[in-house]
Amino acid sequence: MTQTKESMNSIYPYLEEDSKTAAPLYQLQKAVVQRDCKTVKELTERMVKEGVDLFRILNQGLIPGMLEASERFRKGEFFIPELLMSSRALKFGLNVLRPLIQERKNRGLAKVVIGTVKFDLHDIGKNLVIILLEGNGFEVVDLGVDVSPEKFIKAVEKNEAQILAMSSLLTSTMSWMKFTIEHLQASGLKKKVKTLVGGAPVTPIFAKNIGADGYCREATSAPSMVKKLLGIKENEGESPFKQDSTRL
Amino acid sequence: MRENSTERRSGKKVLVLACSVMEKEIRQFQNGRLEFKFFDYGLHRTPENMAQAIQLEIDKASDEDYEGIILGYGLCSNGIVGITSKKLRLIIPRIHDCISLFLGSVESYQKQSKEFPGTYYLTPGWIDKGQTPVSKFKSYAQAYGEETARWVLHEEMKHYTRIVFIDTGVYPREPYRAIARENAEFLGISYEELQGSPNLFKKLLHGPWGKEFLIIERNQSVRQESFLDL
Ligand code: B12
């Protein structure tokens, strides 16, 4: 690797530099940022074969790569195509890991119902959350966009979901998160299901005010937040990105 | 601004800081007292950079002798949250985004989004900035090839069912209408036209500033809560 330690750290701050697997993990991060599906898939497969812990590949390779892509979008360095292509590359790696993670857990970890709220059609962030949750072994029911409170609640009931996750990108539709949580309360389901909210305009304060159970700024934090909400222990190669999620 | 409008002829100037996507719609209300500064429309993609850019201009303006500052921005995904003016009062339309301004009121935008959530709005300003599905497709294809471009555009637009062209009355209608229609055809979705209204622009730039506006006093910050109806 030609990169100096310093430049490596400044771009990809979450790497354990001193370990044997650091170089391939770094390459994996880079491949996600560079939207290289083939390399992501091959590197992931190779590391699995070499016996690298699955959650280490995930939390120190794939996820920091995605986080970097998402950060570049926030700064205006990446546009929608780059972001979507990085998500797609991430999925190639997660597709390798998912069956193995599920095997290890014997079954899906938990069921998550997710959707973008009423009158809102933005779904790039939500779809990324889905990719990440599924890649972490969760079973996800995607209700799509423009989802009414009634539809959310029906799906929670029907699927006996433990988590209800909502995304909103319009400040003009954010209040539908609140209405959905109120509906949940009224239907008596609030005790059975935890709510998780996200989307660019959603703040931790807003999330708290509307009575959500959890909030993440980044999709990459969603899996560890869901585990936290359900009291599931974090796995090896623990995710270092908890600082941007809040249990409310 | 002591008075509730910018109509008074004498006295100091009022600084207008606005998004370049509405430059023409705003300039038509020059009444001799306004001074304009337009920002790159691209800031709408990066709300976290937006406040910084606007704050910088507000700070610069504090050293000059303005009566006050008018913002040609909505809440824009919290892009104006945290903005503070130490010396001058800020007038801000109480809207979530620019579509309310183009349509002339919050109510008409609300009505549209409730009846047809799957609407993608085009105005001549947005068309000129290349922010149409057709132009995006072309630039994606140039960067990544047609196949990827098609996939990206599909991911972006797959839920939309209608293109609405808003005629804001300050551009020649025919060429823009043709482009808007071409976009609907390109996506295979329905096409409609709405007559824009200058009402909200006019009130923003000339006053009087009633409940459709937020008046942020000196040293106070713009807050998200002020825009939400919870
Ligand atoms: C891309 C985009 C579009 C695309 C959407 C494509 C798609 N399929 O989603 C297109 C071009 C189609 C579009 C359309 C419109 N848009 Co738009 N759009 C954006 C833009 C630039 C980026 C959004 C995005 O995808 N970001 C990338 C993703 C990855 O980020 P994200 O969604 O925030 O998700 C991250 C986190 O928030 C988190 N996350 C997200 N959801 C969740 C959920 C959970 C549970 C968790 C844990 C985490 C989480 O994870 C992600 C990664 O970390 C934003 C501006 C911005 N920067 O936010 C405007 C923006 C949201 N749009 C806006 C507007 C006005 C519109 C239109 C009305 C424009 C028009 N001319 O018609 C229509 C809306 C129609 C409708 N009813 O929804 C405004 C909204 C203003 C408001 N009212 O609040 C914005 C803020 C731009 C602006 N400043 O004006 N838009």
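Readers should treat all values here as calculations from the given coordinates under stated rules, not as data from a laboratory. Predicted model only: the values in this text are computed from it and were never measured. Positions of Cβ are backbone-derived with ideal geometry, glycine not excepted, and every protein chain shown enters the neighbour counts.
Report the Rg/Rh value for region A:107-248, based on alpha-carbon coordinates and the Kirkwood definition of Rh. Present the calculation step by step, with values, prior to reporting the outcome.
On the way: Rg = 13.5 Å, Rh = 14.6 Å.
Here the Rg-to-Rh quotient is 0.92.
Take peptide A:170-176, look around each residue's Cβ out to 10 angstrom, count Cβ atoms belonging to other protein chains, and average those counts.
Numbers: counts 6, 12, 14, 3, 4, 3, 0.
Mean inter-chain Cβ contacts per residue within 10 Å come to 6.
Along the charge dipole of region A:107-248, pointing to its positive end and built from +1/-1 on Cβ of Lys, Arg, Asp and Glu, which listed residue (A:Gly188, A:Leu143, A:Ser172) has its Cα farthest out?
After comparing all options, I get A:Gly188.
Could you pull the Cα extents of chain A along its three principal axes, largest to smallest, in whole Å?
The principal-axis extents, from largest down, are 58, 41, 27 Å.
State to the nearest 20 debye the size of the charge dipole of region B:88-230 about its Cα centre, where the only charges are +1 on K and R beta carbons and -1 on D and E beta carbons.
Its charge dipole is roughly 460 debye.
Enumerate the calculated ³J(HN,Hα) couplings along region B:216-230 in order (Karplus 6.51 cos²θ - 1.76 cosθ + 1.60, θ = phi - 60°), each rounded to whole Hz, writing x wherever the residue is Gly or Pro.
So the J values, rounded to whole Hz, are 9, 6, 3, 6, 9, 9, 6, 10, 4, 4, 5, 9, 9, 10, 9.
Put +1 on the Cβ of each Lys and Arg and -1 on the Cβ of each Asp and Glu in region A:25-67; which of A:Met47, A:Gly61, A:Val32 then has its Cα farthest toward the positive end of the dipole?
A:Val32
Express as a percent, rounded to the nearest 5, the fraction of DSSP beta bridges in the protein assembly as shown (both residues included) that run antiparallel. Spell out each step's value before the answer.
On the way: 8 of 49 bridges.
Around 15 percent antiparallel, to the nearest 5.
For chain B, what is the calculated [θ] at 222 nm in deg cm²/dmol (nearest 500), taking -39500 (n - 2.57) for each run of four or more DSSP H residues and dividing by its residue count?
-11000 deg cm²/dmol
Collect residues whose amide H, placed 1.01 Å from N in the peptide plane, falls under 5 Å from the amide H of B:Ile70; neighbours closer than 5 in sequence don't count.
For B:Ile70, whose amide H was placed from the backbone, the distant partners under 5 Å are B:Leu15, B:Val16, B:Leu17, B:Ile91.
Based solely on its DSSP helices, what 222 nm [θ] is calculated for chain A when runs of n ≥ 4 H residues each add -39,500 (n - 2.57) and the sum is averaged over all residues, nearest 500 deg cm²/dmol?
-15500 deg cm²/dmol
How do B:Lys13, A:Lys91, A:Lys126 line up, fewest other C-beta atoms within 10 Å first? All intermediate terms of the calculation are to be shown ahead of the outcome.
Details: B:Lys13 15, A:Lys91 22, A:Lys126 26.
Ascending Cβ contact count within 10 Å gives the list B:Lys13, A:Lys91, A:Lys126.
Kyte-Doolittle mean at least -1.0 and Cα extent at least 30 Å along the axis: which DSSP H helices of chain A qualify? List each step's numbers first, then the result.
Working: long enough: A:80-105 (35 Å, 0.08).
The qualifying helices are A:80-105.
In terms of modelled amide H atoms, which long-range or inter-chain residues lie less than 5 Å from the amide H of B:Tyr191?
It is B:Ile163, by chain and number.
For the protein assembly as shown, what are Rg and Dmax over the alpha carbons, in angstrom?
Radius of gyration, then largest Cα-Cα span, for the protein assembly as shown: 24.0, 79 Å.
Can you give me the long-range amide H partners of B:Tyr121? Hydrogens built in the peptide plane at 1.01 Å from N, cutoff under 5 Å, separation of 5 or more residues or another chain.
Result for B:Tyr121 returns B:Val164.
Given region B:69-116, report the % of alpha carbon pairs whose separation exceeds 14 Å.
Summing the P(r) tail past 14 Å for region B:69-116 gives 54 percent.
What size of dipole, in debye to the nearest 20, comes out for region A:39-173 about its Cα centre when the only charges are +1 on Lys and Arg C-beta atoms and -1 on Asp and Glu C-beta atoms? Please report the intermediate quantities before stating the final value.
Working: 19 positive and 18 negative charges, 41 e Å.
Charge dipole, region A:39-173, about its Cα centre: 200 debye, nearest 20.
Once you have the Cα-Cα distance between B:Thr84 and B:Ala143, take 0.36 nm times their residue separation minus that, and quote the gain in nm to one decimal. Show your work: numbers first, answer last.
Working: separation 59, 0.36 × 59 = 21.24 nm, distance 3.95 nm.
Once the chain is fully extended between B:Thr84 and B:Ala143, it gains 17.3 nm.
Report, in listed order, any pair from B:Lys136/B:Lys202; B:Lys37/B:Lys87; A:Lys30/A:Lys228; A:Lys126/A:Lys228; A:Lys190/A:Lys227 with a Cα-Cα distance greater than 22 Å.
Numbers: B:Lys136/B:Lys202 32 Å; B:Lys37/B:Lys87 18 Å; A:Lys30/A:Lys228 28 Å; A:Lys126/A:Lys228 19 Å; A:Lys190/A:Lys227 18 Å.
Listed pairs above 22 Å: B:Lys136/B:Lys202; A:Lys30/A:Lys228.
Cα centroids of region B:168-230 and region B:37-109: how far apart, whole angstrom?
Cα centroid to Cα centroid, the span is 14 Å.
Which percent, to the nearest 5, of DSSP beta bridges fully inside chain B are antiparallel? Let's see the in-between values first.
Working: 5 of 29 bridges.
Roughly 15 percent of the beta bridges in chain B run antiparallel, per DSSP.
Quick check on the exposure proxy: order B:His154, B:His206 from fewest to most C-beta atoms within 10 angstrom. Please report the intermediate quantities before stating the final value.
Details: B:His154 10, B:His206 17.
Ascending Cβ contact count within 10 Å gives the list B:His154, B:His206.
Shielding by partners for B:151-157, please: the mean number of other protein chain Cβ atoms within 10 Å of each residue's Cβ.
On the way: counts 4, 8, 2, 0, 8, 6, 1.
Per residue, the average neighbour count from other chains is 4.
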